[in-house]
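Reading through the structure tokens given below for one structure.
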Amino acid sequence: MALFKNVPYDPINDFTPVARLGNFPSFVAVNVGVPVTSMAELVARAKASPGKMTYGTGNSTGQIVGETLKKRTGVDITRISYRSNPAAMADLVAGHIDMMVPDTNTGMPQVRAQKIRPLAWLTKQRNPLLPNLPTLDETVMPGFETLAWAGLFAPAGVPPEVVSALAREMEKMLAKPEMRERFGVSGVQLVWQGPQEFAEFVKAQLLRYTTAIKEAGIEPE
């Protein structure tokens, strides 16, 4: 919500956190025609040609990463906005843009098809899907980490016993082997957190994203 000036709800007081369900890891990727194989090489190439390289964004994660990369390394890369990550991915594969930040669901099929080249994970821990791929924290953006996630919320004021019952059912569902297998193929990491732990997580994430957006110099729209 830090990306917008006017938000018609309070993310803390207008909802009741029920359970955190999973993570959607993302990574920096380039078109295979871009002759770089690391973040250091990407930065060097961008510095050699200011304003000529482009990155596409179909969500807030991509914009935060791209603008933070520019701030921290001093590169001049032009942002191209899209309505969604799949739309940006289509242009990345076609070579109309040089770089983007896909999630595993959107990006891994293109990595396997060798249509895009991954350069770095956004999390501080490497991902088993590409265990040899370094992180931004390990390379050109020390200390940086961002992670998309999904959770279940109820309206404010829902009775605690109802929240607890919903959380228990979600925990049972996520524990099923078929669920983990189904989502694991696409790179989604199933993670369960109960109401109290999830509520604290939401507050921490709100602070993290607000801080990251300010560091990136992104003005609310």
Query raised in the report: On the given criteria, is Leu129 of a type in the set (A, V, I, L, M), closer than 29 Å to Arg72 by Cα, surrounded by 12 or more Cβ atoms within 10 Å (Cβ to Cβ) and in contact with a Gly (Cβ under 6 Å, 6 or more places away or on another chain)?
Result: yes
**Report entry** Every pair of residues 6+ apart whose Cβ atoms lie under 6 Å, when the first sits in the range 165-179 and is closer than 13 Å to Leu21 by Cβ while the second is assigned to a loop (DSSP other than H, G, I, E, B)
**Finding:** Ala167/Gly194
Report task. Please state which of the following conditions Phe15 fails to meet, knowing it meets all the rest: (1) out of contact with any helix residue (DSSP H, G or I) (no Cβ under 7 Å at 6 or more places or on another chain); (2) buried (at least 20 other Cβ atoms within 10 Å of the Cβ); (3) aromatic (Phe, Trp, Tyr). Result -> (2)
Query - Residues of the range 87-106 satisfying the condition of being at pLDDT 95 or above and part of a helix (DSSP H, G or I) - result: Ala87, Ala88, Met89, Ala90, Asp91, Leu92, Val93, Ala94
Report task. Only residues that are more than 30 Å from Ala156 (Cβ to Cβ), under 23 Å from the mean Cα position of the chain (by Cα) and of a type in the set (S, T, N, Q): list them for the range 1-57, please. Result -> Ser26, Asn31, Thr37, Ser38, Thr54, Thr57
Query raised in the report: In the range 146-202, what residues are under 26 Å from Leu122 (Cβ atoms), hydrophobic (A, V, I, L, M, F, W, C) and in a helix (DSSP H, G or I)?
Result: Met170, Leu174, Met179, Phe183, Phe198, Ala199, Phe201, Val202
Query raised in the report: If you check Ser38 against the conditions, is it in the same structural domain as Gln114 (by TED's automatic domain parsing), of a type outside the set (A, V, I, L, M) and under 14 Å from Val140 (Cβ atoms)?
Result: yes
Query - Residue satisfying condition, being assigned to a loop (DSSP other than H, G, I, E, B), surrounded by 17 or more Cβ atoms within 10 Å (Cβ to Cβ) and among the aliphatic types (A, V, I, L, M), within set Val140, Val111 - result: Val140
Query raised in the report: Is there a residue being over 26 Å from Arg126 (Cβ atoms) and either of a type outside the set (A, V, I, L, M, F, W, C) or outside any helix (DSSP H, G or I) (or both) anywhere in the range 57-72?
Result: no
Report task. Among the residues of the range 86-122, count how many are over 20 Å from Val43 (Cβ atoms) and either of a type outside the set (A, V, I, L, M, F, W, C) or not assigned by TED's automatic domain parsing to the domain that holds Gly56 (or both). Result -> 14
Query raised in the report: Taking the range 121-162 as the region of interest, how many residues are closer than 14 Å to Leu69 by Cα and of a type outside the set (D, E, K, R)?
Result: 11
Report task. Select from the range 206-221 the residues that are crowded, with 17+ Cβ neighbours inside 10 Å and part of a helix (DSSP H, G or I) and list them in ascending order. Result -> Tyr209, Ala212, Ile213, Ala216
Query raised in the report: How many residues are surrounded by 14 or more Cβ atoms within 10 Å (Cβ to Cβ) and either among the basic types (Lys, Arg) or within 17 Å of His96 (Cα to Cα) (or both) when one looks only at the range 48-65?
Result: 7
Query - Subset of the range 3-40 [assigned to a loop (DSSP other than H, G, I, E, B), within 25 Å of Glu145 (Cβ to Cβ) and at pLDDT below 95] - result: Leu3, Phe4, Val7, Pro11, Ile12, Pro25
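The values are calculated or read from the model by the stated rules, or taken from the named source; none is laboratory data. Note that this is a predicted model, so its numbers are computed, not measured. Because the Cβ atoms are built from the backbone with ideal geometry, glycine has one as well, and the counts that use them run over all protein chains shown.
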